[in-house]
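Below is one structure, written out as C-alpha cells; the observations come after it.
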Amino acid sequence: MILFLLSYLAGVLTIVSPCILPVLPFVFARAGRPFLRNGFPLLVGMAVTFAGVATLAALGGGWAVRANAVGRWIALAVMGVLGLSLLFPALGDRLTRPFVAAGSWLTDKAERHGGD
C-alpha cells in the first residue's frame, strides 16, 4: 500500500515540476477520449522515451568520466605545445604553416567560385 502512495506522490510531484508543463496540453487534449486508444499510447511513449534517455545518461556517465581523464591529458599536451610555440617563434611558425596554407587554399577556392 505504501508503494502505491509513494507512486501517486511521485506522479503529483512530476506534474507539478516545471519541465513537465509543456507536455500537459497533449495530456489534456486527450482527456475526453478513451484511455486505451488515446491516453495509453501517449503514456507508453513517454515512459519508453524517459527510460531510454535515463539509460543513455547512466551509460554515458561512466564514459564521460573516463573521457574527462583522457581529455585532461590531451588538453595539457596542447597547452604545452602552444606554450612552447610562444616561447620559440620558429616552432610557432612551423606549427601554423599547415593552417595558413589551408586558409589560403580556401580563400582562393571561394574567390574562384564566388565570381561565377
ask   = How many percent of Cα pairs in the chain exceed 17 Å?
value = 78
query = Which helices count as membrane-span-like in the chain under these terms: full DSSP H, at least 30 Å along the axis by C-alpha, Kyte-Doolittle mean of 0.5 or more?
reply = 40-87
ask   = Where the only charges are on Cβ atoms (+1 Lys, Arg; -1 Asp, Glu), what is the dipole of the chain about its Cα centre, to the nearest 20 debye?
value = 360
query = Between Arg66 and Ala101, what is the label-to-label distance in nm when each label sits 7 Å out along the Cα-to-Cβ direction?
reply = 3.6
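Readers should treat all values here as calculations from the given coordinates under stated rules, not as data from a laboratory. For clarity, every value in this text was computed on a predicted model and none was experimentally measured. Neighbour counts run over all protein chains shown; Cβ positions are idealised from the backbone, glycine included.
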